[in-house]
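What follows is one structure encoded as structure tokens, with my remarks underneath.
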């Protein structure tokens with residue numbers, strides 16, 4: 001008796017339906033919901049690095065500075 005390999009099946013995300021009882025998504029499938037999550041979150045975090053003074057700024061309000069003299073990060 002020969003053993004036959006059956007590859008696993010893959011279901012595309014746009015074919016997987018979701019039951020969104022809280023109406024969090026416009027889409028009714030996984031692909032659409034993932035796209036909505038991506039679009040709503042892609043611009044929420046903005047990181048800027050100033051290579052002159054080594055300052056890292058997150059969302060224009062949180063500054064992270066590395067102190068080379070003692071190896072500490074200053075966050076504020």
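Taking 7 Å along the Cα-to-C-beta vector as the label spot, tell me the residue 29-residue 58 distance in nanometres, rounded to one decimal. Label at residue 29, label at residue 58, 3.6 nm between them. Could you estimate the translational diffusion coefficient of the chain from the Stokes-Einstein equation, with Rh from the Kirkwood formula over C-alpha pairs, at 20 °C and 1.002 mPa s, in whole µm²/s? Result for D is 125 µm²/s. Every helix of 4 or more DSSP H residues in the chain counts as -39500 (n - 2.57), and over all residues that averages to -5000 deg cm²/dmol at 222 nm.
Distance between the modelled labels on residue 6 and residue 36, one decimal in nanometres: 3.5 nm (7 Å Cα→Cβ projection).
The slack between residue 45 and residue 65, meaning 0.36 nm per residue of separation minus the straight C-alpha distance, is 5.4 nm.
The numbers here are math on the coordinates, done by the rules we state, and not lab data. Just so we're clear, the structure is a prediction, and the values are computed from it rather than from any experiment. When we count neighbours, we look across all protein chains shown, and the Cβ atoms used for this are built from the backbone with ideal geometry, even at glycine.
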